[in-house]
Amino acid sequence: MLLPKFHYHEPSTLEEALQLLSELGGNAKVLAGGTDLLVRMKQKIDMPSHVISIARIPGLSSITPRNGHGVSIGSAVTAAALAKDELMRDRFAPLALAAGRLGAPMIRNRATIGGNLVNGRPAADLSPPCMVLGATLKLKSLSGEREVSVNDFFRGPGDVFIEPNELLVSINLQTPPPWSGGSYTKLGARKTLEISMVNVATLITLQSPDGPIIEARIALGAVAPTPVRAFAAEEFLIGRDPSEELFRQAGEIGVGMCSPITDHRGTMEYRCMMIEVLTRRSLVEALGQARSWKS
């Protein structure tokens, strides 16, 4: 399939890109990795008159520590870079693990975190990890900038809280407290190049290596019109001593937060079963990482 005709722009500064977005508005699409946009254009789902590449804009492809208190991830950082980065693997494991499971190696070398979030797909790999890590998204336009919690960013399938004249420039994360651990797991019919049937990201914080859970976050993907936080399951865990049985019960509670569909990848009933199973597995892995915390 051929791409439809469009005008291509390759700004070299952020200001130039924002000017183009201000002028072109809804007639333009931003191109980062292109792993989703170009496919949709070939399928005639998206037919923008203008495509604005952000590949040459300085700073958007960098992972920058923030004085030991967190990290700022440029929106054009690739999944491959996230998966390989030592800081991400050490302190922000759910996101690094998810990035390593996205697509296949060739896709990970092109796909960007910004594109994965802005596409707003319910089964996207990077949305649940960003949710459990408490990410804030910095959006810029010619008239200013604003920050949006990733928990408020998704409004429906393919619908996110960003204006046509805005560009997502960074994803900002705070470093989890000591004795924290996180994980990410997904289920698909294949190991690679597969859209998730269910995916789960978790993060827990212990009072001490052998102490109770003082904070818990669980985010689920591909089981509702948007990625969702399982707040009731999180509250159930707080103050309790961790165990596999406790985590199984949290998974049961998580099922009630979801409204999965039946499609060619799996039935609603099967997805509900897998929410419980994957939540338990992810929490067990998160617990192991929390107990092995290194300062």
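What follows is calculated from the coordinates using simple rules that are stated; it is not laboratory data. Since the structure is predicted, the reported quantities are computational estimates derived from the model, not experimental observations. FYI the Cβ positions are ideal-geometry reconstructions off the backbone, even for glycines, and counts take in every protein chain you see.
How many lysine pairs does the chain hold where the Cα atoms are under 21 Å apart and the two sit 8 or more places apart or on different chains?
Count of close lysine pairs: 10.
Among PHE231, PHE247, PHE236, which comes first, second and so on when ranked by fewest other beta-carbon atoms within 10 Å?
Values: PHE231 15, PHE247 25, PHE236 19.
Listed from fewest to most nearby Cβ atoms, that is PHE231, PHE236, PHE247.
Would you work out the relative contact order for the range 1-116, in percent, from Cα pairs under 8 angstrom that are 6 or more residues apart?
Details: 180 pairs, mean separation 30.7, N = 116.
Relative contact order here is 26 percent.
Count the net charge of all other residues whose Cβ sits under 13 Å from the Cβ of SER295, scoring Lys and Arg as +1 and Asp and Glu as -1. Numbers along the way, then the final one.
On the way: positive: ARG91, LYS294; negative: ASP90.
Computed value for this residue: +1.
Which number do you get for Rg(Cα) / (2.2 N^0.38 Å) in the range 180-291?
On the way: Rg = 13.6 Å, N = 112, 2.2 N^0.38 = 13.2 Å.
Compactness ratio reported: 1.03.
Stokes-Einstein at 37 °C, 0.692 mPa s, Kirkwood radius from Cα pairs: D for the range 1-141 in µm² s⁻¹?
Values: Rh = 15.8 Å.
After rounding, the answer is 207 µm²/s.
Roughly how far apart, in whole Å, are the Cα centres of the range 252-295 and the range 15-42?
Here the two parts' Cα centres lie 34 Å apart.
With +1 on each Lys and Arg Cβ and -1 on each Asp and Glu Cβ, and nothing else charged, work out how big the dipole of the range 97-192 is about its Cα centre, in Debye to the nearest 20. Don't skip to the end; give the middle numbers.
On the way: 11 positive and 7 negative charges, 112 e Å.
Magnitude of the dipole: close to 540 debye.
Between ARG146 and ASP159, with labels modelled 7 Å along Cα→Cβ, what's the label distance in nm to one decimal, could you check?
So the label points at ARG146 and ASP159 sit 1.7 nm apart.
Each residue of the range 171-187 in turn: what ³J(HN,Hα) in whole Hz from Karplus with 6.51, -1.76, 1.60 and θ = phi - 60°, glycine and Pro shown as x?
Computed from phi, the couplings for the range 171-187 are 10, 10, 10, 8, 5, x, x, x, 6, 9, x, x, 8, 8, 9, 9, 10 Hz.
Quickly rank 115-121, 39-45 as a protection proxy: mean count of other C-beta atoms within 10 Å, highest first. Please report the intermediate quantities before stating the final value.
On the way: 115-121: 22.4, 39-45: 13.0.
Sorting 115-121, 39-45 by mean packing, highest first, produces 115-121, 39-45.
So between ARG248 and GLN19, what do we pick up on full extension, going 0.36 nm a residue minus the alpha carbon distance?
Length gained between ARG248 and GLN19: 77.3 nm.
Can you sort ILE275, ILE107, ILE54 by how many other beta carbons sit within 10 Å, fewest first?
Numbers: ILE275 28, ILE107 17, ILE54 24.
Neighbour counts put them in this order, fewest first: ILE107, ILE54, ILE275.
Please state the relative contact order of the chain as a whole percent: Cα pairs under 8 Å, 6+ residues apart? List each step's numbers first, then the result.
Details: 681 pairs, mean separation 46.3, N = 295.
Dividing the mean separation by the residue count of the chain yields 16 percent.
Would you mind ranking HIS264, HIS50 by Cβ crowding within 10 Å, fewest neighbours first?
Working: HIS264 5, HIS50 17.
Fewest-to-most Cβ neighbours within 10 Å comes out as HIS264, HIS50.
Please report how far the C-alpha centroid of the range 162-180 lies from that of the range 55-128, rounded to the nearest whole angstrom.
Computed from Cα coordinates, the inter-centre distance equals 11 Å.
Just need the Rg to Rh number for the range 63-174, please, alpha carbons only, Kirkwood Rh.
Details: Rg = 13.1 Å, Rh = 13.9 Å.
So for the range 63-174, dividing Rg by the Kirkwood Rh gives 0.94.
Could you work out the mean projected area of the convex hull around the alpha carbons of the chain, in square nanometres to one decimal?
Details: hull surface 59.4 nm².
Taking the Cα atoms of the chain, their convex hull projects to 14.9 nm² on average.
To the nearest 500 deg cm²/dmol, what mean residue ellipticity at 222 nm is calculated for the chain from DSSP H runs of n ≥ 4 alone, each contributing -39,500 (n - 2.57), summed and divided by the residues? Can you show the working numbers first?
Numbers: 11 runs with 97 residues, N = 295.
Taking each H run of at least 4 residues, the total per residue is -9000 deg cm²/dmol.
Show the residues, 5+ positions off or on another chain, whose built amide H is closer than 5 Å to the amide H of THR175.
Those lying under 5 Å, H to H, from THR175 are GLY70, VAL71.
With an 8 Å cut-off on Cα pairs and a minimum separation of 6 or more residues, tell me the relative contact order of the range 7-52 in percent. Mind dumping the intermediate values first?
On the way: 36 pairs, mean separation 26.2, N = 46.
Relative CO of the range 7-52 lands at 57 percent.
Tell me, what ³J(HN,Hα) does each residue in the range 158-163 have, in order and in whole Hz, if you take phi through Karplus 6.51 cos²θ - 1.76 cosθ + 1.60 with θ = phi - 60° and put x for Gly and Pro?
Per residue, the Karplus-derived 3J(HN,Hα) values read x, 10, 10, 8, 9, 8 Hz.
Mind jotting down the three principal axis lengths of the range 7-52 based on Cα atoms? Whole angstrom, largest first.
31, 19, 13
What list of ³J(HN,Hα) values in whole Hz, one per residue of the range 14-24 in order, does the Karplus curve 6.51 cos²θ - 1.76 cosθ + 1.60 (θ = phi - 60°) give from phi, with Gly and Pro shown as x?
Result, rounded to whole Hz: 5, 4, 5, 5, 5, 5, 4, 5, 5, 6, 9.
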